[in-house]
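The values are calculated or read from the model by the stated rules, or taken from the named source; none is laboratory data. Computed from a predicted structure; not experimentally measured. Cβ placement follows ideal geometry from the backbone for every residue including glycine, while neighbour counts extend to all protein chains displayed.
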Ligand code: NAD
């Protein structure tokens, strides 16, 4: 048993309703101070086989469990999450370095909501019956079977439960592989689910590295769905692993989203929206990291942005007054810094930031804004996944749209404009799964969520999640 932030956390896997160790362990390091906080079981193909087998055994009974009972259990899990919000927040902050205040007030309430939303949605699912020349069509939402869920480190429990809740609600059983940099809250969730009364084997967790656990899990012939959130290169490996079994995939991937500021925008609002892109130290898939600003207001926007961004307080994420915490891991800091160095070599100039925070040391990287990056520069086209924004200017709406759509991604876009007609015109032409007009990060689970182009395949949210996690079956009955 490990103790993290005063909370006891089981370091083993969770398979068939029991904790399981492995022959090997890996060290979990806190990004706050780069100290080791736990030794976690390091799974491999044997643990994957055991977890998939447990999930397979549990599937028939869980699939037959009535919707009311499944919904009741999901609400009981949400109750458990709410009861342990503080513990979950403390452990998540120790594990991934995101702000404690976000975990307490935003993330953990949303984790509970993920369960409640899909529990309630399940009860209203499927009113598609219709009549064909007197024959009754009935559309059934059959659960697909064992679902493999693979998640990243930037919002571990939030992103995992966004998949777990609809998968379980639909009557599937689950094997979750959390990111190796943030294994802890998945382990706590297993305990909460067991306490809530979820039957053994319905939810399983295998800890470990991507290639050692994720590889065999995504290639497993008994897995009926793979839902992945993470990077494009890993998505390609997963698609290849899934190909021999033709396992259906949901892919929620990276982005290089634009934030467009038109001259008719409320500039205070535009600046607030732009500075918000440093949330979670920029480690947010949806972040609008490319600031595209109309030339006539660019100087004023830039001056106000620099002034406001310079007031962000960087420091220990456990401190409620901190605005920007550390990056997740030394390897990630080196990756982010590599992008920054190459941007400078390509001729871009950092107006703020441009390197690690020398006073704080460790994994604290200063919020950075680049201007003057030449067309086609890597910093304008590749996802950095750190607190690094670029600023470019445009003169016409046409040019703004072309720049906004000018990457291989299409996850999100944000617009600041005072003209609703312009907002409509521009939105229609943007390639993005989500467009925010004069706001950012307003999320409703009834809305479709996902990415276009290389930002993803498929949509979650609303009934779209059930669409993915179910095998739809139409039954036609003669009169
Ligand atoms: P990653 O692709 O490196 O890892 C994600 C997960 O995949 C981890 O659990 C990892 O262990 C696992 N994995 C690695 N290799 C694997 C393999 N061969 N087979 C199966 N699984 C494997 O991504 P990351 O660095 O953890 O996360 C950051 C990325 O996630 C960014 O690109 C970000 O934009 C994206 N992201 C997207 C969304 C979204 O909703 N679209 C949300 C959050 C993060």
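State whether one or more residues within segment 429-436 are part of a helix (DSSP H, G or I), surrounded by fewer than 20 Cβ atoms within 10 Å (Cβ to Cβ) and over 25 Å from the mean Cα position of the chain (by Cα).
As a first pass, look at segment 429-436 and keep what is part of a helix (DSSP H, G or I): 429.
Keeping just the survivors that are surrounded by fewer than 20 Cβ atoms within 10 Å (Cβ to Cβ) gives 429.
If we keep only those that are over 25 Å from the mean Cα position of the chain (by Cα) too, we end up with 429.
Yes; the residues of segment 429-436 include at least one that is part of a helix (DSSP H, G or I), surrounded by fewer than 20 Cβ atoms within 10 Å (Cβ to Cβ) and over 25 Å from the mean Cα position of the chain (by Cα).
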Only one of these is closer than 27 Å to residue 365 by Cβ and either within 15 Å of the ligand (Cβ to nearest atom) or in contact with a strand residue (DSSP E or B) (Cβ under 7 Å, 6 or more places away or on another chain) (or both): 270, 263. Name it. 270
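Select from segment 198-211 the residues that are in contact with a helix residue (DSSP H, G or I) (Cβ under 8 Å, 6 or more places away or on another chain) and over 15 Å from residue 164 (Cβ atoms) and write down the one among them that is surrounded by the fewest Cβ atoms within 10 Å (Cβ to Cβ).
Step one: of segment 198-211, the residues in contact with a helix residue (DSSP H, G or I) (Cβ under 8 Å, 6 or more places away or on another chain) are 198-208, 210.
Going one step further and asking which of them are over 15 Å from residue 164 (Cβ atoms), we end up with 200, 207-208, 210.
Values: 200: 15, 207: 28, 208: 26, 210: 17.
That would be 200.
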Give me the residue from segment 233-259 that is out of contact with any helix residue (DSSP H, G or I) (no Cβ under 7 Å at 6 or more places or on another chain) and under 14 Å from residue 285 (Cα atoms) and, out of that set, nearest to the ligand (Cβ to nearest atom). 252
Leading residue by the ranking (farthest from the ligand (Cβ to nearest atom)) among those in segment 451-465 that are more than 11 Å from residue 411 (Cα to Cα) and part of a helix (DSSP H, G or I): 463
Residues located in segment 255-283, provided they are surrounded by 23 or more Cβ atoms within 10 Å (Cβ to Cβ) and part of a loop (DSSP other than H, G, I, E, B): 255, 256, 257, 265, 283
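Residues checked against (1) outside the structural domain of residue 19 (by the TED database); (2) within 14 Å of the ligand (Cβ to nearest atom); (3) under 22 Å from residue 248 (Cα atoms):
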| residue | (1), (2), (3) |
| --- | --- |
| 137 | no, no, no |
| 146 | no, no, yes |
| 156 | no, yes, no |
| 173 | no, no, yes |
| 181 | no, yes, no |
| 189 | no, no, no |
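Is it the case that segment 386-400 has a residue that's more than 16 Å from the ligand (Cβ to nearest atom), within 22 Å of the chain's Cα centre (by Cα) and in the same structural domain as residue 268 (by the TED database)?
Taking segment 386-400 first, the residues more than 16 Å from the ligand (Cβ to nearest atom) are 390-400.
Adding the requirement that they be within 22 Å of the chain's Cα centre (by Cα) leaves none.
For segment 386-400, residues more than 16 Å from the ligand (Cβ to nearest atom), within 22 Å of the chain's Cα centre (by Cα) and in the same structural domain as residue 268 (by the TED database): absent.
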Which members of segment 162-185 meet the condition of being touching a residue at least 60 places away in the same chain (Cβ under 8 Å) and in a helix (DSSP H, G or I)? 162, 163, 165, 166, 167, 168, 169, 184, 185
Every residue from segment 189-211 that is within 20 Å of residue 39 (Cβ to Cβ), assigned to a helix (DSSP H, G or I) and in contact with a strand residue (DSSP E or B) (Cβ under 6 Å, 6 or more places away or on another chain): 190
Candidate set from segment 218-232 (those that are within 20 Å of the chain's Cα centre (by Cα) and either in a loop (DSSP other than H, G, I, E, B) or more than 7 Å from the ligand (Cβ to nearest atom) (or both)); member that is surrounded by the fewest Cβ atoms within 10 Å (Cβ to Cβ): 231
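Determine whether segment 407-416 contains at least one residue that is surrounded by fewer than 16 Cβ atoms within 10 Å (Cβ to Cβ) and away from the ligand (no atom under 14 Å from the Cβ). Please lay out each step first, then the result.
Residues of segment 407-416 that are surrounded by fewer than 16 Cβ atoms within 10 Å (Cβ to Cβ), as a first pass: 408.
Subsequent filtering for residues that are away from the ligand (no atom under 14 Å from the Cβ) retains none.
No; the residues of segment 407-416 include none that is surrounded by fewer than 16 Cβ atoms within 10 Å (Cβ to Cβ) and away from the ligand (no atom under 14 Å from the Cβ).
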Filtered residue count, segment 357-382, keeping only those that are farther than 22 Å from residue 298 by Cβ, surrounded by fewer than 24 Cβ atoms within 10 Å (Cβ to Cβ) and within 16 Å of the ligand (Cβ to nearest atom): 2
